[in-house]
1. Failed condition for VAL69, given (1) crowded, with 18+ Cβ neighbours inside 10 Å; (2) outside the structural domain of LYS37 (by TED's automatic domain parsing), with all others met?
2. Take the conditions of a type outside the set (Lys, Arg) and over 21 Å from GLY252 (Cβ atoms) and apply them to LEU380. Does it pass?
3. So if I check each of GLN99, GLN64, GLN116, GLN111, which one is over 29 Å from LYS215 (Cα atoms) and of a type outside the set (Lys, Arg)?
4. State all residues of the stretch 299-326 that are away from ligand 1 (no atom under 12 Å from the Cβ) and touching a Lys or Arg at 6+ places or on another chain (Cβ under 7 Å); if no residue qualifies, say none.
5. Kindly state which helices (runs of 4 or more DSSP H) lie completely within the stretch 199-306 and contain at least 1 residues that are assigned by TED's automatic domain parsing to the domain that holds VAL330 and in contact (Cβ under 8 Å) with a residue 60 or more places away in the chain.
6. Would you tally the residues in the stretch 19-66 being surrounded by fewer than 19 Cβ atoms within 10 Å (Cβ to Cβ) and either within 23 Å of the chain's Cα centre (by Cα) or of a type in the set (Gly, Ala, Ser) (or both)?
7. Which residues, taken from the stretch 313-355, are free of Cβ contacts under 8 Å to residues at least 60 places away in the same chain, within 15 Å of ligand 2 (Cβ to nearest atom) and assigned to a loop (DSSP other than H, G, I, E, B)?
8. Within the group ASP294, ASP342, ASP375, which residue is on the phi > 0 side of the Ramachandran plot, surrounded by fewer than 16 Cβ atoms within 10 Å (Cβ to Cβ), of a type in the set (Asp, Glu) and more than 19 Å from the chain's Cα centre (by Cα)?
Amino acid sequence: MKRVLFVDDESNILSGLRRTLRPLHKEWDMVFVTSGKDALLLMDKQPFDVIVSDMRMPIMNGVQLLKEVKERFPATLRIILSGYAETETTLESTHVAHQFLAKPCSVATLQSTVNQTTALCGMLANQHLVSIISHFDSLPSLPRLYVEVTDELNSPSGSLERVGKIMAKDVAMTAKILQLVNSAFFGLPQHVSSSSQAVNLLGIDVVRGLVLSTKVFSSFDQDAQAGIDLDSLWEHSAITGVLAKQIAASEGMNRTLQENAFLGGMMHDIGKLVLAVGLPDESSKVAELVATEDLLSWEAEQRILGCTHAEIGSYLLGLWGLPGAVVASVAFHHQPGLAKNDSFSTTTAVHAANALLHDREESDVEHRTPRLDLDYLQQLAITANVSTWRKAQQALVS
Ligand SMILES: [Fe+2]
Ligand SMILES: [Fe+2]
């Protein structure tokens, strides 16, 4: 049973919610309160898995409440519920809310948002890590791209097209903008998986507000996070995205699935950034272990943290509501067999792209690198296609 806490100052809205959500009483243990103060008092007594808060409330509004929850109960999933008229304020809540819903919200939307977001909860046994990941409202960007995007938005002739292109090159910006645009708040019929499409949907004014006033992005501080080489991580991420998309295309996947493959490839190692920023000490220990015992990075992470950058990255993206196929491809990029797909999928494309690129990069070095999972490819009966994928990889890196 998931424990879900609803907060709204209007008691008739709460009783409406209570009535409409009655069919879920076997799945969710629901509590309804009319103020932020009461919500915090209850949370002090017993933790909740999810909090769904109204935006506009007297004394303590939704943002203030969720800010408090973020500090005191970081592992709780935070959802804000607000009206369309409050789009700007809603976007300001992006520093404290994982998901945004628009009023009135149907049972189905609420149910799928909570279920999809909490689906990954059991995946990370390390509670300390769960708290750290839940605390992130954004990740740092490559400084060069951060400057480029703010310059473009500050310029009177700034264009959405260029903004979209810059964002598409940055792992952190892409993840964040897709979190916003994919939230149920915007009620889009389909998942959006490209930054260009995302900024087009939001419009220049909203994007400007988000980046320049709300400051949803930040610049990576290489001195503070010495343990990670962001430039090469970004380069590897970008090329994995391109190759994953080409592999998906060569397998005859449609445009949407190709976009998902690109996004999955781009995001696959985002967990490494989460680790470097959120747990810098453990991150350096991982690097040490990789060097001394010739382990793959995820094997070393498994030993030190009990989980890997793949699980960490997918947990964050799941919490942010990115498309499920993308989240799965990130989770299983090293061990695609665990995804339990019986045909070619986004996960296959991302796994293959990453393995082929690592394999090549390190071929002249004396230590282990991620490899293609041939048993898995054999089960899908697509081993014969590897030579085509390898050619695509060679053309890309030559
Ligand atoms: Fe990886
Ligand atoms: Fe990788």
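The values are calculated or read from the model by the stated rules, or taken from the named source; none is laboratory data. Computed from a prediction, not measured in an experiment: that's the story for all the values here. Cβ coordinates were reconstructed from backbone atoms using ideal geometry, including for glycine residues, and neighbour counts include every protein chain displayed.
1. Failing condition for VAL69: (2).
2. Here the answer is no, as LEU380 does not meet what is asked.
3. Values: GLN99 fails: over 29 Å from LYS215 (Cα atoms); GLN64 fails: over 29 Å from LYS215 (Cα atoms); GLN116 fails: over 29 Å from LYS215 (Cα atoms).
Only one candidate passes the filter, namely GLN111.
4. Matches in the stretch 299-326: ILE304 only.
5. On the way: elements: 204-208, 230-250, 255-267, 270-278, 280-293, 297-305.
Of the helices (runs of 4 or more DSSP H) lying wholly inside the stretch 199-306, those with at least 1 residues that are assigned by TED's automatic domain parsing to the domain that holds VAL330 and in contact (Cβ under 8 Å) with a residue 60 or more places away in the chain span 230-250, 255-267, 270-278, 280-293, 297-305.
6. 2
7. Hits for the stretch 313-355 are PHE332, HIS334, GLN335.
8. ASP294
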